[in-house]
Amino acid sequence: MLKSWGWLSLLVIVLDQAAKYLAEALLVIHRPIPVLPSFNLMLTYNTGAAFSFLADAGGWQRWFFLSLGLMVSIGLVAWLYRLKPEEKRLAAALALILGGAIGNLIDRAWLGQVIDFIQLYYDHWYWPAFNIADSAITLGATLLVLDSFWSREASPRLN
């Protein structure tokens, strides 16, 4: 299934890296540019993980998150190889997560941090900035959960 769905992972990686390149070229760090109500473009960097977890840990987290991301990516590739052709929803979910993981791994390997540039907010409440790779991971994880429910409903019940 990796051959069938590898294009989706590659698309996520290319879109993510292109958007991050443009963000660095066109945006000034920490200076939001309003796009729509509750949506800004704002360049920032994250040395940690989701929600800046371990961002101030002193540098070791770069190697930890690189190793973790690499292991997860290898596991996702192995999982994709084992899928049956009819497991299309699961394959799409895993391909999205894989593309997002590799997109952020590239940043971490080259820069030691992840480039974020999407900022959502409501009134005075701001969501932490994120990127296309993060969005693909979130979408893939959501599809993974939904697929687990759909698969359970479709499978025959054992009595």
If one computes the Cα centroid of the stretch 89-114 and of the stretch 22-49, what distance in Å separates the two points? 19 Å
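Decide, for the stretch 2-151, between rounded, prolate and oblate: order the square roots of the alpha carbon gyration tensor eigenvalues as a ≥ b ≥ c, take rounded if a/c falls under 1.5, and otherwise choose prolate if a/b is larger than b/c, else oblate. Each step should come with its number before you reach the end.
Details: a/c = 1.95, a/b = 1.51, b/c = 1.30.
Prolate, because a/c is 1.5 or more and a/b exceeds b/c.
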Within the set of other residues whose C-beta is less than 10 Å from the C-beta of Asp16, count the net charge using Lys and Arg as +1 and Asp and Glu as -1. -1
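Only the coordinates and a few stated rules stand behind these numbers; no lab work does. Note that the structure is a prediction, hence the values are computed from the model and not measured. Cβ sites come from the backbone with ideal geometry, for glycine too, and all protein chains shown count toward neighbours.
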